[in-house]
Amino acid sequence: MKKSLKMIVSDLDRTLLWEDETLSAVTINAIRRAREKGMLFAVATARSLYSTLLVTQELCPDAIIHTGGAYAVVGDQVIYRAVLSPEDTLEAALACLSAPFVDHVRICGEIEDVTTNPAIPEGKKEFLHYRRVSDEELTEAALQAATKITVCSPEPDKVATLFEGDPRYLFTPSKNTSSFGHKLAHPAATKEA
């Protein structure tokens, strides 16, 4: 029995996109031919929705899984959302900031209108939802759900011990040895960022 593909799902960076964030004509044509055969096309990426839309306009994906697996979007409809609650965000950030081996944390929060709000300059939209926080401003910053928390520390093993055995969090150390940004997210947001 011959099985037929119904959907192609691909990562973006260093998969569909070149280093300069462009798409090759071969890639564009391959996706076009697959769609002509009735297949759907989706992307799954650690990028934010805004950043994903910037580089996939030519492809018009049927679905986008973005922010490291925290969201799945079909058209304008969010069909899947796995984020840390405001309370869990605050608790995790406070635990990190009180640890002597953590330099700082960045909270990537939800801003619904970041892609469509004309008041936000184009160059600022990607990072608007992602801000470094200190102890003093943490309560205000954490009063939103977080898609992820980046914990900046040269000692990921020690950071991991802060969340060992806690089912509310998934800790992923950075694969980049020169980066100290380690991801903390909802356990259902599984694509590594």
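The values are calculated or read from the model by the stated rules, or taken from the named source; none is laboratory data. None of the values given here were measured: they were computed from a predicted structure. Every residue, glycine as well, gets a Cβ built from its backbone with ideal geometry; the counts of neighbours run over all protein chains shown. Areas reflect the complete protein model, heavy atoms only, side chains present, ligands, DNA and RNA absent. Shrake-Rupley method; radii C 1.70, N 1.55, O 1.52, S 1.80 Å.
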Amide H contacts of residue 148 (H built 1.01 Å from N, under 5 Å, at least 5 apart or other chain):
108
Name the residue farthest towards the positive end of the dipole of the range 1-50 from the options 41, 28, 15, assuming +1 on Cβ of Lys and Arg, -1 on Cβ of Asp and Glu, about the Cα centre.
41
Nearest-10 value in Å² for the accessible area of residue 152, using the 1.4 Å probe:
20
By accessible area of protein heavy atoms, probe 1.4 Å, what ranking do 79, 31 get, highest first?
79, 31
Can you work out the Karplus-derived ³J(HN,Hα) for every residue in the range 58-69? Use 6.51 cos²θ - 1.76 cosθ + 1.60 with θ = phi - 60°, whole Hz, and x for glycine or proline.
5, 8, 6, x, 6, 8, 10, 9, 10, 6, x, x
Quick one: grab the alpha carbon gyration tensor of the range 1-85, order the square roots of its eigenvalues as a ≥ b ≥ c, and give me rounded if a/c is under 1.5, else prolate or oblate depending on whether a/b is larger than b/c.
oblate
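Multiply the residue gap between residue 34 and residue 21 by 0.36 nm, knock off their C-alpha separation, and tell me the result in nm, one decimal place.
Net length gain for the segment: 2.5 nm.
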Please work out the Cα center distance from the range 1-28 to the range 42-56, rounded to the nearest Å.
13
